[in-house]
Amino acid sequence: MRAQNSATSATSIAVGTPDSPTADAPTGVRADAPARPAPARPAPARAATGTAGNARARTASGTALAALGVVAFSLTFPATAWGLEGFGPWSFVSVRSVLAALIAGAFLLAGRVPLPSREHWAGLAVVVAGVVVGFPLLTTLALTTSTTSHAAVVVGLLPLTTAALSALRTDVRPSRRFWAAAVAGAAVVLVFTLAESGGSLSAGDGFLFGALLACAAGYTEGGRLARAMPGWQVIGWALVLSLPLTLAGSALGLAYEPVRLTAHALAGLAWAAAGSTFLGLYVWYRGMAEIGAPRASQLQLAQPLLTLVWSVALLGERLSPAAPAAACAVLVCIALTQRA
């Protein structure tokens, strides 16, 4: 009877305490002996579902942030055209960078962000050279001789340039489908550019092609750094570290170039500094860190078409009849690269 009661009692114990022994109790153990806790049943299906859901949410968030950056960038050329109504190219680029650095510095101080480690200084220098100085200066110089619509479509080659440099700089190797869609999108942009310019390149195209390389290098390095620190800190520190250079450029530019303060000039300067240089790059780098530089860069295929819309709405430029067809073709290429 004792053995029967003991066995029944031992079987009826379903749970144990954290101090329960790990060895199995032998048959016939005393009823008051501590029992081994029942092993938890794994839930691989639920874990896999949660992981997939997190990945989809991260992809959606990164895509939305990168797309917001593209919208901000699409306003850069119209804002620059407005700014050039009252500033020279050198003073405009320098002053916008100084204002953006002040905004970034205020955020860094408010957040008590520590200085970046030395291993990131070289990457930040590339961001400064490519995004803070190189691209704004070269495109501004190009806009002194080219229209915003022409410059926007030429810079539409930036996604392919960024994807190529990113593949060389990192271990990411996009698929053939990705490259095919990217090349097709770049081809559409190039054909559209030549058709808009009558089959020949403008005088400012040299500046624009140089700007492509500078910006692609800055985007690639900034996207890599955004995996180690928040994207707004990447562009924030790049702007702050460039202050000695941009302050000197502002002093020289304002001294030697005429300045005429108009509503358009001030509005263009304000957006170029706060919208394009700081806010746009902040959301862009953060989105690029979540979905990768090659995929994020393909969203910029829509940037030239958005800039054309702003050029018509804000500058009164005439839109080519080929623009809607080019827009549809580019959007198809974007959809293919996002699924590749």
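Comparison of Leu331, Leu336 shows that the only residue that is under 30 Å from Arg224 (Cα atoms), open to solvent by 60 Å² or more (accessible area, probe 1.4 Å), assigned to a helix (DSSP H, G or I) and in contact (Cβ under 8 Å) with a residue 40 or more places away in the chain is Leu336. The residue pairs whose first member lies in the range 142-153 and is on the phi < 0 side of the Ramachandran plot, whose second member is open to solvent by less than 10 Å² (accessible area, probe 1.4 Å) and in a loop (DSSP other than H, G, I, E, B), and whose beta carbons are closer than 6 Å, counting only pairs six or more residues apart or on different chains, are Ala142/Gly204; Thr145/Gly204; Ser146/Gly204.
Scan the range 94-149 for residues that are among the basic types (Lys, Arg) and over 15 Å from Ala238 (Cβ atoms) and the total you get is 2. Of the helices (runs of 4 or more DSSP H) entirely within the range 121-208, those holding at least 3 residues that are crowded, with 19+ Cβ neighbours inside 10 Å and polar (S, T, N, Q) occupy 158-169. Considering Ala293, Ala302, the condition of being among the aliphatic types (A, V, I, L, M) and surrounded by fewer than 23 Cβ atoms within 10 Å (Cβ to Cβ) is satisfied by Ala302 alone.
Conditions tested, residue by residue: (1) open to solvent by less than 10 Å² (accessible area, probe 1.4 Å); (2) at pLDDT below 95.
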site	(1), (2)
Thr51	no, yes
Arg56	no, yes
Thr59	no, yes
Ala67	no, yes
Val71	no, yes
Gly83	yes, no
Leu99	no, no
Ala104	yes, yes
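Just one of the listed residues (Ala255, Ala265, Ala325) is without any contact (Cβ under 8 Å) to a residue 12 or more places away in the chain and within 19 Å of Thr140 (Cα to Cα), namely Ala255.
Could you tell me whether any residue of the range 257-265 is part of a helix (DSSP H, G or I), open to solvent by 40 Å² or more (accessible area, probe 1.4 Å), more than 18 Å from Phe135 (Cα to Cα) and not polar (S, T, N, Q)? There is at least one residue in the range 257-265 that is part of a helix (DSSP H, G or I), open to solvent by 40 Å² or more (accessible area, probe 1.4 Å), more than 18 Å from Phe135 (Cα to Cα) and not polar (S, T, N, Q). In this structure, is Pro321 more than 30 Å from Gly88 (Cβ to Cβ), outside any helix (DSSP H, G or I) and at pLDDT below 80? Criteria met by Pro321.
Sub-9 Å Cβ pairs linking a first residue in the range 168-182 that is farther than 14 Å from Tyr219 by Cβ and of a type in the set (D, E, K, R) to a second residue that is open to solvent by 100 Å² or more (accessible area, probe 1.4 Å) and not in a loop (DSSP other than H, G, I, E, B), at least 6 apart or interchain, are Arg177/Arg339, ordered by first then second residue. Taken across the range 226-233, residues that are closer than 30 Å to Ala163 by Cα, open to solvent by 50 Å² or more (accessible area, probe 1.4 Å) and in contact with a Leu (Cβ under 6 Å, 6 or more places away or on another chain) do not occur at all.
From the list Thr147, Thr59, Thr63, Thr140, the lone residue that is under 22 Å from Ala217 (Cβ atoms) and either of a type in the set (D, E, K, R) or in contact with a helix residue (DSSP H, G or I) (Cβ under 9 Å, 6 or more places away or on another chain) (or both) is Thr140. Checked against (1) open to solvent by 60 Å² or more (accessible area, probe 1.4 Å); (2) closer than 21 Å to Val126 by Cβ; (3) part of a helix (DSSP H, G or I), Ala313 passes all but condition (2). Take Gln233 and decide whether it is polar (S, T, N, Q) and modelled with pLDDT under 80. Against the criterion (polar (S, T, N, Q) and modelled with pLDDT under 80), Gln233 does not qualify. May I ask you to verify whether Leu314 is out of contact with any Pro (no Cβ under 7 Å at 6 or more places or on another chain) and touching a residue at least 24 places away in the same chain (Cβ under 8 Å)? So Leu314 fails the test. Against the conditions (1) open to solvent by 60 Å² or more (accessible area, probe 1.4 Å); (2) under 26 Å from the mean Cα position of the chain (by Cα); (3) not small (Gly, Ala, Ser), Leu252 satisfies every one except (2).
The values are calculated or read from the model by the stated rules, or taken from the named source; none is laboratory data. The structure displayed is predicted, hence computed values, not measured ones. When we count neighbours, we look across all protein chains shown, and the Cβ atoms used for this are built from the backbone with ideal geometry, even at glycine. Keep in mind that these areas ignore ligands, DNA and RNA; they rest on the heavy atoms of the full protein, side chains included. Shrake-Rupley method; radii C 1.70, N 1.55, O 1.52, S 1.80 Å.
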